[in-house]
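The values are calculated or read from the model by the stated rules, or taken from the named source; none is laboratory data. This structure is a prediction, so every number in the text was calculated from the model and none was measured. Neighbour counts are summed over all protein chains in view; Cβ atoms, including those assigned to glycine, are modelled from backbone coordinates with ideal geometry.
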Amino acid sequence: MRIQRIPLPEQEAVEQATEDLDLSVLDPLIEKYKEKKGNVIPLLQGAQQRLGYIPREAFEKISRETGLEKSHLFGVATFYAQFRLSPVGKNIIKVCHGTACHVQGAEDITDALEDSLKVKDGETTEDRIFTLESVACLGCCSLAPVMMIGEETYGKLTRNKAVKVIKNIRIREKQSNS
Amino acid sequence: MNDTKVIVGLGSCGIAAGANKTYQKIQELKGAENLDFELKQTSCVGMCYREPLVEIIDSSGSYLYGDVDEDRAVDILDKHIGSGEPVKDYVVKSDLFDTGKDQEFLEGQVKIALRHCGHIDPESIDEYIAGEGYAALHKIAKEKTPREQIINEVLESGIRGRGGGGFPTGKKWRFAYNYTSEEKYIICNADEGDPGAFMDRSLLEGDPHAVLEGMVIGGYAIGASQGVIYCRAEYPLAVKRLNLAITQARERGYLGENAGGIQGFDFDIIVKEGAGAFVCGEETALIASVEGKRGMPRKRPPFPAELGLWNKPTNINNVETYANVPYIIHKGASEFSRYGSEKSKGTKVFALAGKVNHSGLVEVPMGMSIQDIIFELGGGIIGGKEFKAVQMGGPSGGCIPNYLADTLVDYDSVNATGAIMGSGGMVVMDETTCMVDVAKFFLNFTQEESCGKCTFCRMGTKRMLEILERITNGEGKEGDIEELEDLSVQIKDNSLCGLGQTAPNPVLTTIKYFRDEYEAHIRDRKCPAKVCKPLLTYTIDPEKCTGCMVCARKCPTGAITGEKKQVHVIDQELCSKCGDCFNRCNFDAVIVS
């Protein structure tokens, strides 16, 4: 499954990210699923939802408190496409590469975004504002090509339109920071 | 009190097209101008190409407005509600007059699975009940219908698995029924993973109770006490509406102790979110995933009907199959089986997308021709281009060429072409689609999604992809086609589950019907559809070039030279064929050949 090796994050980034990691947010989750059958995926999903990704410390904590083997947890986490093992940008750009989007030029959209963000597919920008991802199908085939950022879906994209969306978000992010 | 209703379609694709903004605008205007109507929501109407859609029902009849952005919403409210004059130009469908457009999209459709979609508020159990919802369950409770009789009814209806396999549903139920066990499970496969398919999402978002009712009936028939809906995590709205529907059904007693009023039948349903693995659409992999393991398929037999979830007898059907069940039980098997062809009964929902004018969701009787679906319902090809092929069945299916467009859509006719019915994705392709590129696209998908258990699937798909990459890069060689065919046979024969057994289909069908395109790539180093970039040459038309320098400034390899207001030239030696100049040129001066 997705034999892509998940790239290990830069040591520095990990240390920076784990410094302010608050693992206590996992307590209610573990409490809820501890004794349930088939709890591995909901536990991992919950952890990712709360932390944005699943850090090593979260695996250790879940394993310690539920008795599930670390190897089992890690095996499941690396099998499914949903789970992330390294921190991601504030905005995840999901470019749809379903069949309909593919024949309507999804490749061009990813290409234009890679150019504009100066990252490759699957990577995060240096300022951690964006992570660029390709996804199989968002199910909005009639609006192809499509991308999704947060809850918002952008349809009938062109290279220029996609880049413009990104630029606007970046301006907004910078304004809210300053 | 005026009983005018304004209904906004809030399915995922409507929302993506901006329906939420339209809804908010209408709400705002309603308050600000104190307008007298009831504002409601529904889900996917199926006409995705006209989203956002707003229906107004007043004392005279119903008007469905299309492409309603905020401005249009203001206009419509002002004229229709304010002055009582419908804006006929924006109406796409009405029961009062012929709009002259879109009629062909709606005519010819028979809605059984989608009977409530776009008509009821999916978040209201009362609206579902008002539309004969839970009537089938009431009937069973009242008449004390024996389990065998329900299974016989489903068997007689002739319904076959709508997830793509096409196995008779009644037979599957009987297998699970025949195994005795204290505990049995019924699972709904809502892990719709085919890229280019969104039927199940629309159904779950538009009519979640129909799926629940189908599962309760199935659960009762086979003797299960627990239902599980395994739903893609990428469908947040579907998950939300399912959970809401389950809560409502519990409150009304359709779930829980004596579910649906059937004495001694305790049954409940939970939703499990998938985590993104295409292979989990395969039933044994799905079961492994529900159990919290890596979603890897196992050898069958034993089938899930004998040893399924937690090693108990388990029945698995697809969303659309369950949505049909209440209809079959309520109206009778013969009412269902009067639609369709000899061996494929009832209707099928298709997600029509790609280079077709009317993309959206259609439900047609089995046995309609592909030609009619694309050109009558679908309104033909975008821009009047030439229809080349249609892809059916996603990564497990294949491409059916234009000269087989009279193929009827039923399980057996579609299988005969080398494609499969699949779950219902229909992606239309025109002359600008490269079939080798399409084959590569699907292989890339299955190669990534292979779980890795069977060597032939894991390594074979990878090798096939490498060959296809070579061909599309202009490095194909004689014998490549034969090697692809050979690998295909090996993978099909030596894989455990459906993923591997069908993964070569997109390649095999494109070789079968478009061999000349493969040969053009390999022998002539040409891509006839002008898609595979390494095989293209970019030149500048001196007649059209204005010397604006946009392309020259942006060329990543510095292959374009030319002074301001002078015709530019591309150095073919340096050109990396990225296509950037073509995309940037505002004067159509870059020629691709």
| query | Are any of the residues in region B:54-74 free of Cβ contacts under 8 Å to residues at least 12 places away in the same chain, surrounded by fewer than 24 Cβ atoms within 10 Å (Cβ to Cβ) and not β-branched (Val, Ile, Thr)? | reply | yes
| message | Would you confirm whether or not region A:142-150 contains a residue that is away from chain B (no Cβ under 14 Å) and either surrounded by 15 or more Cβ atoms within 10 Å (Cβ to Cβ) or farther than 22 Å from B:ILE15 by Cα (or both)? | response | no
| query | Taking region B:456-485, which residues are among the hydroxyl-bearing types (Ser, Thr, Tyr) and farther than 22 Å from B:GLY498 by Cα? | reply | B:THR472
| request: Considering only region B:259-302, state which residues are in contact with a strand residue (DSSP E or B) (Cβ under 9 Å, 6 or more places away or on another chain), over 21 Å from A:LYS34 (Cα atoms) and either more than 14 Å from chain A (Cβ to nearest Cβ) or of a type in the set (Asp, Glu) (or both). | output: B:ALA259, B:GLY260, B:ASP266, B:PHE267, B:ASP268, B:GLU283
| message | Checking the condition surrounded by fewer than 18 Cβ atoms within 10 Å (Cβ to Cβ) and closer than 30 Å to B:MET199 by Cα, which residue from B:GLU51, B:GLU33, B:GLU85, B:GLU38 passes? | response | B:GLU38
| request: Could you figure out which of (1) under 30 Å from B:LYS388 (Cβ atoms); (2) touching a residue at least 24 places away in the same chain (Cβ under 8 Å); (3) part of a helix (DSSP H, G or I) isn't true of B:CYS551? | output: (1)
| said: If the requirement is being part of a loop (DSSP other than H, G, I, E, B) and of a type in the set (D, E, K, R), which of these qualifies: B:GLU127, B:GLU85? | reply: B:GLU85
| remark: Every listed condition ((1) touching a residue at least 60 places away in the same chain (Cβ under 8 Å); (2) within 14 Å of chain A (Cβ to nearest Cβ); (3) among the small types (Gly, Ala, Ser)) holds for B:ALA305 save (2)
| Qualifying positions in region A:76-99 - facing another protein chain (nearest Cβ under 8 Å) and outside any helix (DSSP H, G or I) | A:TYR80, A:ALA81, A:GLN82, A:PHE83, A:HIS97, A:GLY98
| When only residues in region B:489-507 that are buried (at least 20 other Cβ atoms within 10 Å of the Cβ) and in contact with a Phe, Trp or Tyr (Cβ under 6 Å, 6 or more places away or on another chain) count, which is nearest to B:SER396 (Cα to Cα)? | B:PRO506
| note | Subset of region B:372-410, residues assigned to a helix (DSSP H, G or I), hydroxyl-bearing (Ser, Thr, Tyr) and over 16 Å from the mean Cα position of the chain (by Cα), comes to B:TYR403
| remark: Quick count over region B:7-59, residues being closer than 15 Å to B:ALA73 by Cα, hydrophobic (A, V, I, L, M, F, W, C) and touching an Asp or Glu at 6+ places or on another chain (Cβ under 7 Å), is 3
| message | Regarding region B:296-306, can at least one residue be identified that is modelled with pLDDT of 95 or more and of a type in the set (Phe, Trp, Tyr)? | response | yes
| Hits in region B:421-432 - residues which are within 9 Å of another protein chain (Cβ to nearest Cβ) and either at pLDDT 95 or above or in a strand (DSSP E or B) (or both) | B:GLY425, B:VAL427, B:VAL428, B:MET429, B:ASP430
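The rows are residues; the columns are (1) under 26 Å from B:LYS388 (Cα atoms); (2) in contact with a helix residue (DSSP H, G or I) (Cβ under 8 Å, 6 or more places away or on another chain); (3) of a type outside the set (Phe, Trp, Tyr); (4) touching a residue at least 12 places away in the same chain (Cβ under 8 Å).
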| residue | (1), (2), (3), (4) |
| --- | --- |
| B:GLU483 | yes, yes, yes, yes |
| B:THR510 | yes, yes, yes, yes |
| B:GLU517 | yes, yes, yes, yes |
| B:ILE522 | yes, yes, yes, yes |
| B:LYS564 | no, no, yes, yes |
| B:ILE570 | no, yes, yes, yes |
| B:ASP580 | no, yes, yes, yes |
| B:SER593 | yes, no, yes, yes |
| request: Confirm whether A:GLY122 is over 18 Å from the mean Cα position of the chain (by Cα), over 22 Å from B:MET47 (Cα atoms), at pLDDT below 90 and surrounded by fewer than 20 Cβ atoms within 10 Å (Cβ to Cβ). | output: no
| query | Considering only strands (runs of 3 or more DSSP E) fully contained in region B:281-371, which possess at least 1 residues that are within 24 Å of the chain's Cα centre (by Cα) and of a type in the set (Asp, Glu)? | reply | B:360-365
| So which residues in region B:453-481 are polar (S, T, N, Q), in a helix (DSSP H, G or I) and in contact (Cβ under 8 Å) with a residue 40 or more places away in the chain, if there are any at all? | B:THR461, B:THR472
| Can you tell which of B:THR537, B:THR510, B:THR546 is β-branched (Val, Ile, Thr) and surrounded by fewer than 15 Cβ atoms within 10 Å (Cβ to Cβ)? | B:THR537
| said: Criterion first (in contact (Cβ under 8 Å) with a residue 60 or more places away in the chain and aromatic (Phe, Trp, Tyr)) does B:PHE375 satisfy it? | reply: no
| query | Which of the residues belonging to region A:39-75 are away from chain B (no Cβ under 13 Å) and part of a helix (DSSP H, G or I)? | reply | A:ARG50, A:LEU51, A:ARG56, A:GLU57, A:ALA58, A:PHE59, A:GLU60, A:LYS61, A:SER63, A:ARG64, A:GLU65, A:LYS70
